[in-house]
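These notes concern the structure reproduced below.
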Amino acid sequence: MSREPLRLGVELDAAGRHPAAWRLPGARPAELFTAAHWRRLGALVERADLDLLVVPDSFRLGSSDERDQRGRLDAVAIAAHLAPLTRRVGLVPVVTTTHTEPFHTNKAVATLDFTSLGRAGWQVEVSTTAEEADTFGRTGTAPPGELWREAADTVEVVRRLWDSWEDDAVVRDVASGRFVDRDKLHYVDFEGERFSVRGPSITPRSPQGQPLVVVPVRDEHSLAVAAAHADVARIEAGDERTAAQTADRLRTLAGRELTVLLDVEVLLRQTATEALDVAGRLDELNPGAAPRSVRHLGTPATLAAALAELPDGLDGAVLAPLDLPATLELVVSGVVPALTRPPVAGSTLRERFGLPRPTSRYARIGGVR
Amino acid sequence: MTRRETSRETPRQIHLGAHFPGVNNTTVWRDPRSGSQVDFSSFEHLARTAERGLMDFFFLAEGLRLREQRGKIHDLDVVGRPDTLTVLNSIASVTTHLGLAGTINATFNEAAELAKQFASLDHLSGGRAAWNVVTSSDAFTGENFRRGGYLAHADRYVRAREVLDVAREFWDSWAEDSLVADPETGVFARGISEVDHRGPQFQVRGTGSLPRSPQGHPVLLQAGDSDDGREFGATYADAIFTMHGSLEAGQRFTADMRSRAVRNGRSGDDLKILPGVTFVLGDTPGQAREHAREIRFQQVGPAQAIAFLEQVWGRDLSDHDPEGPLPAQDPETTSTIAQGRTRMTKDPVETARTWRDLAAAHGWSSRELVVEVTGRQQFVGTPAQVAEEMDTYVQADACDGFILVPSLTPAGLDEFVEKVVPLLQERGSYRTGYTGSTLREHLGVPHPHRLAPAVRATA
């Protein structure tokens with residue numbers, strides 16, 4: 001398939017994905033939990049007209065090492081804060097499915113779609129650790145296969161809830177005194193292995209109808225969920241060729257077109273030597289932060305060249321800067337201008353990804369008006 | 001209770017909150033000026049107006065299941081609303097001082113998650129978060145939740161107390177100076193204590209994932225009026241959202257709540273009493289009264305009147321004439337005709353009898369009766385009258401201020417801010433500028449970490 005235009009997102013994790021990133025010059029670690037920090041990053045992303053701003057999340061504090069950057073603001077809260085301050089970028093918080101109620105996820109993401117005027121997405125994640133289960137007073141944790149099956153059920157019920165109000169359900173009919181046409185509201189009646197939800201959603205259908213669902217692909221379980229449910233898949237892989245093979249398998253399994261992005265951990269400086277030095281220093285400060293996907297240490301020019309040569313089947317990348325804001329600043333000033341990306345038409349995230357606005361599934365099967 | 005001195009030079013200060021009307025018949029959606037209930041522009045408009053009016057906070061309710069009547073989704077009033085915390089976080093970035101209060105259910109949420117969400121809002125807003133804690137024992141709402149519907153009615157506050165206790169342990173788990181963030185020594189954080197809670201409802205172990213937020217804890221609001229609810233509020237809350245209408249009823253309620261607070265080792269002044277009120281303004285008293293009457297009859301149309309009576313009568317009254325007398329038959333006492341809202345009367349047969357007498361004495365039709373008995377406290381008059389009356393309530397310690405419930409979305413507060421706020425300022429009873437930046441500073445309630453440990457450590 002064609003790779004035009006190249007899709008480019010960033011994942012922004014506090015001071016960067018590397019646990020020692022907060023110690024680099026320019027990191028302003030005391031401000032990581034303030035709105036000012038996120039506003040600065042949001043403004044940079046917006047200036048570069050990137051496609052996605054992904055905010056990771058989990059209920060884990062992480063390591064008990066006092067040197068590690070620790071703690072995270074709620075990802076939906078960050079995305080919601082940035083919604084009125086941005087106009088272009090897709091806002092994609094991670095919301096985990098293991099401990100959070102699907103009904104809450106449904107209304108939080110739909111509401112983000114309202115406050116961002118149609119730019120909301122949702123990245124699905126599972127909570128695999130006993131630490132997180134303890135935080136919720138649950139005993140033990142289920143195996144990954146089970147957690148991802150539950151994630152699939154969660155995506156299914158959330159998508160049904162997003163459809164549970166037809167677009168024209170609010171009628172404000174003064175003559176009959178009816179605010180809504182209740183025939184256009186639908187119970188979703190989902191019965192899964194681990195939970196059931198009756199519906200309808202409390203929140204009316206959002207501007208995009210269906211916000212963009214992003215699923216990470218890092219094992220067979222998550223690959224199956226991406227194939228069944230994702231609009232966009234993020235592939236974690238050790239190299240581009242493996243990622244392209246995974247993308248092939250994903251599309252075959254899915255039996256439909258979907259956007260596939262490669263996860264690339266990046267650290268950029270003006271010279272490649274400097275980038276290697278900084279990365280080396282980070283690993284010295286905190287060894288044991290193994291790459292989770294392809295890693296690119298270099299200059300804006302080397303990254304732009306690497307992105308231009310992504311193998312067929314990969315539509316673009318989600319960049320995870322190892323350090324912030326330094327690498328992000330170079331992505332904005334040096335990488336994006338070097339890529340020839342056609343201007344994006346439309347204002348919603350689905351439009352940006354060339355996806356139509358879907359009709360509610362209940363309207364299509366309805367017809368009892 | 002603490003006796004308050006009223007002095008002519010420095011009258012007691014009025015606190016004001018602005019409620020975004022949710023799913024009920026408050027909003028006159030038939031009015032051509034009525035805008036969207038879900039678009040962000042509506043929330044932004046009301047919040048900006050409240051901030052222009054130097055109000056303490058913006059207040060948003062929540063819903064977790066659409067209401068039903070006779071097994072069908074209630075379609076006569078505003079239906080549907082967005083997620084409370086998401087809206088508040090978006091409003092945080094377009095306002096600078098306004099407190100951001102949201103109702104969040106303590107039954108269908110987990111303590112660790114709530115602690116993180118409210119701490120996040122408090123961080124991102126620079127100390128403006130407030131949580132109105134509500135509970136539910138409702139299996140109907142529980143059908144939307146995986147662990148819903150399991151809670152016995154009597155255990156609602158048992159769970160709420162425990163949720164709050166656990167949330168407070170998470171909020172307190174980072175010490176004031178735990179965030180070190182020193183690049184030289186490499187210490188990011190230290191001295192974070194483990195939460196290890198063993199209670200009747202749940203066992204939780206974990207570590208707070210966020211530094212202490214600007215307010216320490218979000219401001220806590222509470223609205224329950226039962227004995228349990230009052231005791232819960234007097235123990236935990238910084239402010240009480242009440243419906244006690246008249247001056248005398250307000251004074252009794254306020255005195256009761258302040259003395260309960262004192263019995264719990266707090267100062268009575270640390271608990272702010274804020275009734276929810278509607279208001280209607282006019283250029284003359286007569287015009288205001290006429291306008292108020294129009295609004296009430298728009299809110300209670302013929303179909304709404306029947307729907308309300310069905311909730312009390314517990315039976316299908318679709319054939320009843322709303323412009324005629326009340327139904328002759330007695331209410332069905334065991335029916336659950338309406339779901340997703342509280343049945344408003346404990347003894348429907350007695351209520352029906354009282355209402356028939358009332359309607360007969362005044363010559364009211366069914367609809368007129370409903371208009372009368374469902375009216376909430378209203379301040380109706382010229383701006384000068386409303387300003388004076390509100391001031392009187394506060395100076396007489398019937399309350400500390402009000403949560404204003406406008407009848408129009410989103411512009412229902414504009415006129416109040418333009419016409420009444422300046423008069424309150426002239427009386428010296430209302431601020432002329434924000435003097436603090438956090439909601440605790442606006443309300444004048446203490447930071448939780450400056451309270452004595454014995455008060456904080458509630459069992």
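The values are calculated or read from the model by the stated rules, or taken from the named source; none is laboratory data. Computed from a predicted structure; not experimentally measured. For neighbour counting, all protein chains shown are included, and Cβ atoms are generated from backbone atoms with ideal geometry for every residue, glycine included. Keep in mind that these areas ignore ligands, DNA and RNA; they rest on the heavy atoms of the full protein, side chains included. Shrake-Rupley method; radii C 1.70, N 1.55, O 1.52, S 1.80 Å.
Taking the convex hull of the alpha carbon atoms in the range B:217-344, what volume per residue do you get, in Å³?
Numbers: hull volume 23.2 nm³, N = 128.
Once divided by residue count, the hull of the range B:217-344 is 181 Å³.
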| field | Percentage relative contact order, chain A, counting C-alpha pairs under 8 Å, at least six apart | value | 21
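May I ask what percent, to the nearest 5, of DSSP beta bridges between residues of the protein assembly as shown are antiparallel?
The antiparallel proportion sits near 20 percent.
With the full set of protein chains in place, find how many percent of the accessible area of the range B:3-128 is carbon and sulfur; take the probe as 1.4 Å. List each step's numbers first, then the result.
Values: 1620 of 3460 Å².
The value for the range B:3-128 is 47 percent carbon and sulfur by accessible area.
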| For the range B:204-277 and the range A:96-154, distance of Cα centres in Å | 32
| task | Pop a pseudo-label 7 angstrom from the Cα along the beta-carbon direction at both B:Asp227 and B:Glu415 and give the gap in nm to one decimal. | result | 4.4
| field | Estimated distance in nm for a label pair at A:Arg357 and A:Ala175, the labels positioned 7 Å out from Cα along Cα-to-Cβ | value | 2.6
| request: Find which of A:Ala301, A:Val213, A:Ala289 sits farthest along the positive direction of the dipole of chain A, computed with +1 on the beta-carbon of Lys and Arg, -1 on that of Asp and Glu, about the Cα centre. | output: A:Val213
| task | State the three equivalent ellipsoid semi-axes of the protein assembly as shown, derived from the C-alpha gyration tensor as the square roots of 5 times its eigenvalues, in descending order and whole Å. | result | 47, 31, 25
| request: Return, for the Cα atoms of the range A:308-369, the radius of gyration and Dmax in Å, separated by a comma. | output: 18.5, 57
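Rounded to two decimals, what is the ratio between the C-alpha radius of gyration of the range B:1-124 and 2.2 N^0.38 Å? Could the numbers behind the result be given before it?
Details: Rg = 17.6 Å, N = 124, 2.2 N^0.38 = 13.7 Å.
For the range B:1-124, the normalised Cα radius of gyration comes out at 1.28.
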| task | Give me the distance between the Cα centres of the range A:22-57 and the range A:276-311, rounded to whole Å. | result | 19
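How large is the convex hull of the Cα atoms of the range A:142-214 per residue, expressed in Å³ as a whole number?
On the way: hull volume 5.7 nm³, N = 73.
So the per-residue hull volume is 79 Å³.
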| field | Loop sites in the range A:1-61: trypsin sites (Lys or Arg not before Pro), DSSP, at most 16 other Cβ within 10 Å | value | A:Arg3
| task | Can you tell me the 0 to 90 degree angle between the C-alpha axis of helix A:144-163 and the longest principal axis of chain A, rounded to 10? | result | 50
| note | Taking every C-alpha to C-alpha distance in chain A and binning by 10 Å from 0, the per-bin percentages run 5, 23, 34, 25, 10, 3, 1, 0
| note | Cα extents of the range A:25-179 along the principal axes, largest first, in whole Å, come to 66, 43, 25
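Excluding A:Thr348 itself, calculate the net charge of residues whose Cβ lies under 9 Å from the Cβ of A:Thr348, where each Lys or Arg counts +1 and each Asp or Glu counts -1. Write down the numbers at each step before the final one.
On the way: positive: A:Arg119, A:Arg350, A:Arg352, A:Arg357; negative: A:Asp113, A:Glu351.
Local charge sum for A:Thr348: +2.
As an exercise, use a Förster radius of 30 Å and the Cβ-Cβ distance of B:Arg33 and B:Ala249 to find the FRET efficiency, rounded to the nearest 0.05. Walk me through the numbers before you get to the answer.
Values: r = 33 Å, r/R0 = 1.10.
Efficiency computed from Cβ-Cβ geometry: 0.35.
Remind me, what semi-axes does the range B:332-449 give for its equivalent ellipsoid, largest first in whole Å, using sqrt of 5 times each Cα gyration tensor eigenvalue?
On the way: eigenvalues 282, 86, 42 Å².
Whole-Å semi-axes of the equivalent ellipsoid: 38, 21, 14.
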| request: Take the solvent-accessible surface of the protein heavy atoms, probe 1.4 Å, and return the percent of it on chain A that carbon and sulfur atoms account for. | output: 52
| Under 25 Å from the Cα of B:Lys116 - lysines, other chains or at least 8 residues apart | A:Lys107
| field | For chain B: relative contact order, % (alpha-carbon pairs under 8 angstrom, 6 or more apart) | value | 23
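In deg cm²/dmol and to the nearest 500, what is the mean residue ellipticity at 222 nm of chain A if only DSSP H runs of at least 4 residues count, each as -39500 (n - 2.57), divided by the residue total? The partial results should precede the final answer.
Numbers: 12 runs with 123 residues, N = 369.
My calculation for chain A gives -10000 deg cm²/dmol from helical runs alone.
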| task | Would you mind working out the magnitude of the charge dipole of the protein assembly as shown relative to its Cα centre, with +1 at each Lys and Arg C-beta and -1 at each Asp and Glu C-beta, to the nearest 20 Debye? | result | 500
| field | Ellipsoid semi-axes in whole angstrom, largest first, where each is sqrt(5λ) of the Cα gyration tensor of chain B | value | 37, 28, 21
